[in-house]
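The values are calculated or read from the model by the stated rules, or taken from the named source; none is laboratory data. These numbers come from a predicted model, not from an experiment. In this analysis, Cβ positions are derived from the backbone assuming ideal geometry, glycine residues included, and neighbour counts consider all displayed protein chains.
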Amino acid sequence: MIACLLIPGFELRAALHHRPRTLLRPAALAPLPGTEPLLGPVTAAAEAAGVRPGMRLGEALATCPSLVLVERDALLVETEWEQVIRRLEDNGFAVEPVEPGCLYFDTRGVERLYGGVSPALKRALAAVGSTWNAGAGAADRRFAALAAAAIARPGQAVVVDDQRTREFLAPLPLTLMPLEAGRREELDRLGVKKIGQLAGLPGSAVAERLGPDGRRAWSLAGAEDGGNAGWNDSAGWNDTKVSARPPATDLAERLEFPEAVANELTLRRALTALLDRILARPERGGREIRKVALSARLVGGGSWRRTMTLREPSGERGTLRAALGPKLAELPAPVLSLGLELLTLSESEGRQLALVPPEGEELETRLQEGLRQVRAHAGAGAVATVVEVAPWSRIPEQRALLVPRD
Amino acid sequence: MSARLNAAARLNEPRPALVAEGFDGSPQRVNRQGVEVVREEWRVLDRWWTEEPVNRRYFEVVLESGQNVVVFRDDERGCWFSQRGA
């Protein structure tokens, strides 16, 4: 069976993980600066006060003047989500994370280990921890598992019998379907409010009226009995298979600045220092980098994070610097620390040798060997790079930083 | 993901200095050594718009031993420091 684990409002919960008292007050995730002022997830107290997720900020504040707006913290969300995934993986679950707060796993590998589907789900919920209010669902298809997890109470596991998926989905609201709001409203106007009502319509009529999205939703609703096995939509999404993520690489480096830095030149130099350190990590084992994430802790409490998948895996400092450097221009505020994570490494480490070695390669090799000797002799922290951050500053100690190269 | 955290340190951080000053506020003795000559003097006023303003009176001096030293009086904190790279 396919299982789904859902943590509603994960971004808000992650932001308030270290401030649990705020979870009991009317609070909502603030809109991103520069985007439409719509609220993110809200707490139960906020919902009781009449505030709904997706509500306009002005309307929400008029409805509940004591509403606490929680700033989005992308880095914290990513860190907390990674910890949740690691805890599940430590318990033997091969998970496919979809987005923070939602993941799937196949129960086949763990059913015998834990004595059935329900005990496995209970184990998964226990691994996640009770503070997250996670719900779990299992069914023969991903969508049905997601629906089961969505209706499960916090800490509850709902298992849908293989033969009863359609009956299970029929009374559920259409809001669970992956449909655009406009399409959902269109269906609502037509009197279609439940998944079962959508599944009862002729497939061709749904496709004609709502297009491919509607046809897909109709299919997910269970209208095609038995026809969903191995079904792929245009995006290649398979409703009956789970692709567990490859083992995570634990390669990350972070550089803290003595004070907030906004200068792009300084940030580029810091990025170079981070690249030097992360590429020298022995855990990389010469493998090239496929996917990398750049993150920053912003002044004033927020965070920023961008991931990048390289068209061709690379272990070259220059290539990575050229790929990641422009991202630094997107930073919305001065940063207190800059981080670099290697998310996916290529499997192979073979590489075509150059006919003529690049100029300076031999010197670079000798220099690296010399630095290794110094480190071995003098210990950790003995080798540092001087990174000029503000050579024009009138205050001498602000002109350059010493960045450890261990 | 547990990132290896490395804090960057500032280069040329000021170090506390033992300075005896004259009537005009210029250094007479630095770290128990007499001052032979004051080569240069300048003032740095910066970051006054922040909560950590910088208000320093710098002196480049030559000590009895021939050593060239840069010291400054931090007028915000009322104490003396020596500094390289100034």
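Screening the stretch A:249-269 for residues that are touching a Gly at 6+ places or on another chain (Cβ under 9 Å) and within 7 Å of chain B (Cβ to nearest Cβ) and picking the one that is nearest to A:Glu347 (Cα to Cα) gives A:Ala252.
Only residues that are among the charged types (D, E, K, R) and either in a strand (DSSP E or B) or under 14 Å from A:Ala74 (Cβ atoms) (or both) were counted across the stretch A:272-331, and they come to 9. For the stretch A:246-260, residues that are surrounded by 14 or more Cβ atoms within 10 Å (Cβ to Cβ), within 27 Å of A:Gly315 (Cβ to Cβ) and in contact (Cβ under 8 Å) with a residue 40 or more places away in the chain total 9.
Would a scan of the stretch B:21-41 turn up a residue that is within 12 Å of chain A (Cβ to nearest Cβ) and touching a strand residue (DSSP E or B) at 6+ places or on another chain (Cβ under 7 Å)? No, the stretch B:21-41 contains no residue that is within 12 Å of chain A (Cβ to nearest Cβ) and touching a strand residue (DSSP E or B) at 6+ places or on another chain (Cβ under 7 Å). Those strands (runs of 3 or more DSSP E) of the stretch B:8-64 in which at least 1 residues are touching a Phe, Trp or Tyr at 6+ places or on another chain (Cβ under 6 Å), within 30 Å of A:Ala260 (Cβ to Cβ) and without any contact (Cβ under 8 Å) to a residue 40 or more places away in the chain, considering only elements entirely within it, cover B:33-46, B:54-63.
Each residue in the stretch A:34-70 was checked for being polar (S, T, N, Q) and at pLDDT below 85, and 1 pass. The single condition among (1) within 14 Å of chain A (Cβ to nearest Cβ); (2) among the hydrophobic types (A, V, I, L, M, F, W, C); (3) surrounded by fewer than 16 Cβ atoms within 10 Å (Cβ to Cβ); (4) within 12 Å of the chain's Cα centre (by Cα) that B:Phe72 does not satisfy is (3).
This table checks each residue for (1) part of a helix (DSSP H, G or I); (2) within 21 Å of A:Leu103 (Cα to Cα); (3) at pLDDT 80 or above; (4) over 24 Å from the mean Cα position of the chain (by Cα).
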residue	(1), (2), (3), (4)
A:Phe143	yes, yes, yes, no
A:Pro154	no, yes, yes, no
A:Leu179	no, yes, no, no
A:Pro212	yes, no, yes, yes
A:Gly227	no, no, no, yes
A:Ala235	no, yes, no, no
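Going by the conditions given, is A:Ala248 modelled with pLDDT of 80 or more, under 30 Å from A:Arg281 (Cβ atoms), outside any helix (DSSP H, G or I) and within 23 Å of the chain's Cα centre (by Cα)? Judged against the criteria, A:Ala248 is not a match. For the stretch A:379-401, the criterion of being surrounded by fewer than 13 Cβ atoms within 10 Å (Cβ to Cβ) and charged (D, E, K, R) is met by none of the residues.
Exactly one residue among A:Ala296, A:Ala322, A:Ala384, A:Ala400 is on the phi < 0 side of the Ramachandran plot, out of contact with any Pro (no Cβ under 8 Å at 6 or more places or on another chain) and free of Cβ contacts under 8 Å to residues at least 24 places away in the same chain, and that residue is A:Ala322. Annotation: of all residues in the stretch B:75-86 being under 14 Å from B:Ala20 (Cα atoms) and touching a Lys or Arg at 6+ places or on another chain (Cβ under 7 Å), the one that is farthest from the other protein chains (Cβ to nearest Cβ) is B:Trp80.
The helices (runs of 4 or more DSSP H) located wholly in the stretch A:17-124 that include 3 or more residues which are of a type in the set (A, V, I, L, M) occupy A:44-48, A:57-63, A:74-90. Number of residues in the stretch A:270-291 that are within 11 Å of chain B (Cβ to nearest Cβ) and touching a helix residue (DSSP H, G or I) at 6+ places or on another chain (Cβ under 8 Å): the value is 1. Considering (1) away from chain B (no Cβ under 13 Å); (2) charged (D, E, K, R); (3) surrounded by 12 or more Cβ atoms within 10 Å (Cβ to Cβ), the lone condition that A:Glu361 does not fulfil carries the number (3). Return the total of residues in the stretch A:171-183 being surrounded by 17 or more Cβ atoms within 10 Å (Cβ to Cβ) and either farther than 30 Å from A:Ser130 by Cβ or in contact with a Pro (Cβ under 8 Å, 6 or more places away or on another chain) (or both). Within the stretch A:171-183, residues that are surrounded by 17 or more Cβ atoms within 10 Å (Cβ to Cβ) and either farther than 30 Å from A:Ser130 by Cβ or in contact with a Pro (Cβ under 8 Å, 6 or more places away or on another chain) (or both) number 3.
Among the residues of the stretch A:18-36, the one identified as among the polar types (S, T, N, Q) and more than 19 Å from A:Trp304 (Cβ to Cβ) is A:Thr22.
Taken together, A:Leu320, A:Leu338, A:Leu324 contain a single residue that is touching a Ser or Thr at 6+ places or on another chain (Cβ under 8 Å) and closer than 24 Å to A:Gly285 by Cβ, which is A:Leu320. For the structure I just gave you, tell me whether B:Trp49 is modelled with pLDDT of 90 or more and over 30 Å from A:Leu279 (Cα atoms). For B:Trp49, the condition - modelled with pLDDT of 90 or more and over 30 Å from A:Leu279 (Cα atoms) - is not met.
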